[in-house]
Amino acid sequence: MLILPIQPNDAVAWERMRQALWPSSTSEHAAEIAAFFSERENAAVEALIALDDAGKPLGFVELSIRNYAEGCSTKRVAYLEGWYVEPHARRQGVGAALVKAAEAWGRNQRCSEFASDTEWHNEISATVHRALGFVETDRIICFKKDL
């Protein structure tokens, strides 16, 4: 398995995996991917892709640097914005390898903390986060009201 920074030739596979992870925002994926490639050099963002030995995508992580994250004490926090592993590749170390590569990216960005989140009902994600050394720092419920 290889883990590399996502390149433009990975965009189709990345968009497909993003749609699997975030199906409610499928119309936004292509635009966000295009924006990522145009802003990558000037912004504190990264996306990594895991590939099998034949070059087929196994998963990805999307990363950013935030100046605040719940439970963190520094103002430069590496943040796991998105994390996906293809169903056939789960429970084989792909997710852990992606997170390890994400941690290395964060250290290279001069971050001393790495944060993430998941939806309150996603117990599988919470369990995997804990297994990889994340510690739950807070639980929030967000509200919205149309005006």
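The values are calculated or read from the model by the stated rules, or taken from the named source; none is laboratory data. Please read all numbers here as calculations on a predicted model, not as lab measurements. When we count neighbours, we look across all protein chains shown, and the Cβ atoms used for this are built from the backbone with ideal geometry, even at glycine. For accessibility, only protein heavy atoms count, side chains too; no ligands or nucleic acids. Shrake-Rupley method; radii C 1.70, N 1.55, O 1.52, S 1.80 Å.
With only alpha-carbon atoms in the gyration tensor, what are the semi-axes of the equivalent ellipsoid for the range 38-115, in Å, largest first?
On the way: eigenvalues 119, 39, 19 Å².
They are 24, 14, 10 Å, listed largest first.
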Where only alpha carbons of the range 105-147 are counted, the Rg and the Dmax (Å): 14.1, 43
From the C-alpha gyration tensor of the range 19-80, square roots of 5λ in Å: 24, 16, 14
Under 18 Å from the Cα of K144 - aspartates and glutamates, other chains or at least 8 residues apart: E119
Under 17 Å from the Cα of K100 - aspartates and glutamates, other chains or at least 8 residues apart: E46, D52, E62, E81, E113, D117
Gap separating the Cα centres of the range 12-27 and the range 82-104, nearest whole Å: 17
Spread of Cα-to-Cα distances over 10 Å intervals beginning at zero, given as percent, for the chain: 10, 39, 38, 11, 1, 0
Per-residue SASA entry for E136, accessible area with 1.4 Å probe, Å² rounded to 10: 90
Among Y84, N42, F134 the positive-end extreme of the charge dipole of the chain (Cβ point charges): F134
For F37, solvent-accessible area (1.4 Å; no DNA, RNA or ligand), Å²: 60
